Amino acid sequence: QVQLVESGGGLVQPGGSLRLSCAASGSIFSRYTTGWYRQAPGKQRELVATITRDGRTNYADSAKGRFTIPRDNAKNTAYLQMNSLKPEDTAVYYCKLDLPLRAYWGQGTQVTVSS
């Protein structure tokens, strides 16, 4: 059983930065694709960014140039570095790990961008 635990959310002013963390139970991130998703109130969950086992990244248009998705395999942790945050980035952010037979999700962490 894989467990993912997100942390790092909070309240930040527009233009600020936050780094979200996703810690996994076991050395697993280096073997599968990891992704960050978000869900704003009243909206569907949407992709923010992904990183494959060999380090290839993919970003939603809304995240390009502002967010990065580094990963520390030694710490079994994936990150979402968010810069130049906007009010429309306000959402619950989820970490996802894609294994061959199923996907695992974390519990989510709230990010609120407001002055």
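The values are calculated or read from the model by the stated rules, or taken from the named source; none is laboratory data. Computed from a prediction, not measured in an experiment: that's the story for all the values here. Glycine gets a Cβ as well: all are built from the backbone with ideal geometry, and neighbour counts include every protein chain shown. Heads up: the accessible areas ignore ligands, DNA and RNA and are worked out on the full protein's heavy atoms, side chains in. Shrake-Rupley method; radii C 1.70, N 1.55, O 1.52, S 1.80 Å.
Accessible surface calculations at 1.4 Å, restricted to protein heavy atoms, place region 1-65 at 58 Å² per residue.
Taking Glu46, Glu88, Glu6 and ordering them by how much accessible surface each has at a 1.4 Å probe, largest first, produces Glu88, Glu46, Glu6. Near Tyr104, once Lys and Arg are set to +1 and Asp and Glu to -1 for all other residues with Cβ below 10 Å from its Cβ, the sum equals +1. Rg/Rh for the chain (Cα atoms only, Rh after Kirkwood) is 0.95.
Assigning unit charges at the beta carbon (Lys, Arg +1; Asp, Glu -1) and nothing else, what dipole magnitude in debye, to the nearest 20, does region 4-55 show about its Cα centre?
On the way: 6 positive and 3 negative charges, 13 e Å.
Roughly 60 debye, rounded to the nearest 20.
Given in Å, the Rg to one decimal and the Dmax to the nearest whole number for the Cα atoms of region 1-43 are 13.4, 38.
Please list Asp61, Asp72 from largest to smallest accessible area, probe radius 1.4 Å, with all protein chains kept in place. Display every interim value, and only then the final one.
Details: Asp61 125, Asp72 45 Å².
Accessible-area ranking of Asp61, Asp72, largest first: Asp61, Asp72.
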